[in-house]
1. Out of (1) closer than 19 Å to Leu300 by Cα; (2) in a helix (DSSP H, G or I), the odd one out for Gly113 is which?
2. Search segment 225-243 for residues that are closer than 23 Å to Leu79 by Cα and pair each with any residue that is at pLDDT below 95 and not in a loop (DSSP other than H, G, I, E, B) when their beta-carbon atoms are under 8 Å apart and the residues are at least 6 apart or on different chains.
3. Can Leu266 be described as outside any loop (DSSP other than H, G, I, E, B) and modelled with pLDDT of 95 or more?
4. Taking segment 21-63 as the search range and keeping residues that are of a type in the set (Asp, Glu) and free of Cβ contacts under 8 Å to residues at least 40 places away in the same chain, which one is nearest to Leu99 (Cα to Cα)?
5. Does Glu46 satisfy the condition of being under 10 Å from Ala94 (Cβ atoms) and acidic (Asp, Glu)?
6. Looking at segment 15-63, which of its residues are outside any strand (DSSP E or B), within 12 Å of the ligand (Cβ to nearest atom) and acidic (Asp, Glu)?
7. For Val137, all conditions in the list (1) under 24 Å from His264 (Cα atoms); (2) of a type in the set (A, V, I, L, M, F, W, C); (3) in contact with a helix residue (DSSP H, G or I) (Cβ under 6 Å, 6 or more places away or on another chain) hold save one; what is the number of the exception?
8. Do we find that Leu91 is over 30 Å from Ala262 (Cβ atoms), outside any strand (DSSP E or B) and either more than 16 Å from the ligand (Cβ to nearest atom) or touching a residue at least 40 places away in the same chain (Cβ under 8 Å) (or both) in this structure?
Amino acid sequence: MPLVSPFETSFGRIITRDSILLEIFAEGLIGIGECVADRDPGYAYETSGTAWHILKDFLIPALLGHDVHDAIDLLQIVLGIKGHAMAKAGLEMAFWDLLGKKTGHSLRDLLGGTRNRVPVGVSIGLQESHEKLVATVEDYLALGYQRVKIKIKPGRDVDDTLAVRSAFPDLPLQVDANSAFTLESAEALIPLDDLNLLLIEQPLAEDDLWDHSRLQRKFRTPLCLDESIISPRHARQALEMDACRIVNIKVGRVGGISQGVAIHDLCQAQDTPVWCGGMLETGVGRAANLALASLPNFKLPGDISATDRYYERDITEQCFTLNSDSTISVPDSPGLGVSLDAKAIAKFSLRNLRLK
Ligand code: NPG
């Protein structure tokens, strides 16, 4: 699916987005889910290719014909399959949608969400110049977004952030390095501490909890971990060693909605705020993000923007729009609360497989 504008991060430039859409057929109902693995292994090791393989050859065969009562059951069935969180999460999302449709409850209600609309922000990729960056921020503020995240990488860090901060002194602003620094090169980020940022996201490598805790000691600004938090256990360990003070939760990265809820609960018990990350999802994954972000400890705005920030044409019949208070409304029909636009699916489909 072509993005309305290219999205550039420290790990590369995304121009079109691939995703795997899952449909589970059971008891006359269809549950839909989205696997957010990207085409390239820049953000994480999983790709749409590895997810297709793991789903087709392992996860779906393990599930077919089983009685599955809840998400815990589902995760139990796939427990022996190591890793591949995004593949598992796509399947689990389709299961939640099915469960919601069967019981007549929205995903928000199934999860115990407490809000009808959730605060959101916009994530802005690396731009070619400071002028372009500031102009892009301005455009999104004019659309009503009240929180901005910018991407940084070595050599494009403090100056970029300073340009935005100088132009918008009071803007709730955060930066995301997508693991592009080392403990040594992250010294260059120290001046960010004076720019009143909400957080600095994932400066160091994903498998580097310990160095994040060494780095956090040098900053007053909270570090936030994204790539490093791949399970509730990693979240607990990160908090125990003060490797971060805020946690980003992404359904795909943590292996499913129920894992996301577990991390939410764990952080809540320790007074650590969480927020919902985004992966340029289609309307399917966006609906799941909104339901998750309606839980009470999602204290910071999510990377969940309106449909038109990503796609001219989405694959769901519903579009998400920004409310005037920089929130997006959480779907309240059964399950994810979205339905597929068959014509859009036909237009964008690259391949198709049905397993019985
Ligand atoms: O609004 O969905 C969004 C994009 C938010 O910056 C965003 N996502 O590193 O968190 C990230 C980044 C991302 C995009 C990661 C695509 C992986 C794939």
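The values are calculated or read from the model by the stated rules, or taken from the named source; none is laboratory data. Since the model is a prediction, treat every value here as computed from it, not as a measurement. Every residue, glycine among them, receives a Cβ derived from its backbone with ideal geometry; neighbour counts consider all protein chains shown.
1. (2)
2. Correct list of pairs: empty, since none qualify.
3. yes
4. From segment 21-63, those of a type in the set (Asp, Glu) are 23, 27, 34, 38, 40, 46, 57; that's our starting set.
Subset that is free of Cβ contacts under 8 Å to residues at least 40 places away in the same chain: 40, 57.
Numbers: Asp40: 32, Asp57: 24 Å.
Only one residue tops the list, namely Asp57.
5. Working: under 10 Å from Ala94 (Cβ atoms): no; acidic (Asp, Glu): yes.
Here the answer is no, as Glu46 does not meet what is asked.
6. The answer is Asp18, Asp40, Glu46.
7. For Val137, the exception is condition (1).
8. Taking the combined requirement at face value, the residue does not satisfy it.
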